[in-house]
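Encoded as structure tokens, the structure appears first; notes follow it.
The values are calculated or read from the model by the stated rules, or taken from the named source; none is laboratory data. Remember, predicted model here, so these are calculated numbers, not experimental data. So basically every Cβ, Gly included, is an ideal-geometry build from the backbone, and we count neighbours across all protein chains shown. When the accessible area is computed, the model is the full protein with side chains, heavy atoms only, and any ligands, DNA or RNA have been set aside. Shrake-Rupley method; radii C 1.70, N 1.55, O 1.52, S 1.80 Å.
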Amino acid sequence: QVQLVESGGGLVQPGGSLRLSCAASGRIFRIRAMGWYRQAPGKQRELVAGIASGGSTDYADSVKGRFTISRDNAKNTVDLQMNKLKPEDTAVYYCYADDLPYDSTVPGRYWGQGTQVTVSS
């Protein structure tokens, strides 16, 4: 099993910045994609940003140009730098990691517990 622990959420004013971090530990085989989803009250969980083990990235249109995802494969960590935050970015942010066992072709997805980001004046 893979455990994911997030940190870095909090309250920030519009236009401000936050950095989320997520560290994977436990029985890790080969982590493929890592990234972040978010869920606002009354809304479905949505992909914010993802990054493959090779470094290719994917972003939601709503965060392009404002958020930057990065990872450290050696440390099994993924970060999300969030700049120019808007009230509509308010949500619980969840880290995920896709780990591929050696005897499988299908990775298992693991989730963090979530961290609250609130953008408000």
Flagged in the range 38-81 as over 19 Å from GLN113 (Cα atoms) and in contact with a helix residue (DSSP H, G or I) (Cβ under 7 Å, 6 or more places away or on another chain), in numbering order, are none
Scanning the range 82-121 residue by residue, those farther than 19 Å from ASP58 by Cβ and in contact with a helix residue (DSSP H, G or I) (Cβ under 8 Å, 6 or more places away or on another chain) turn out to be GLU88, VAL117, VAL119, SER120
Condition first: open to solvent by 40 Å² or more (accessible area, probe 1.4 Å) and over 16 Å from PHE67 (Cβ atoms). Now tell me which residues in the range 24-38 satisfy that. SER25, GLY26, ARG27, ILE28, PHE29, ARG30, ARG32
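Within the range 94-104, can one find any residue that is part of a strand (DSSP E or B), out of contact with any Leu (no Cβ under 8 Å at 6 or more places or on another chain), hydroxyl-bearing (Ser, Thr, Tyr) and over 17 Å from LEU11 (Cα atoms)?
No - not one qualifying residue is present in the range 94-104.
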In the set GLN81, GLN113, GLN44, the lone residue that is at pLDDT 95 or above and under 19 Å from GLN3 (Cβ atoms) is GLN113
Looking only at the range 1-49, count how many residues are free of Cβ contacts under 8 Å to residues at least 24 places away in the same chain and not in a loop (DSSP other than H, G, I, E, B). 2
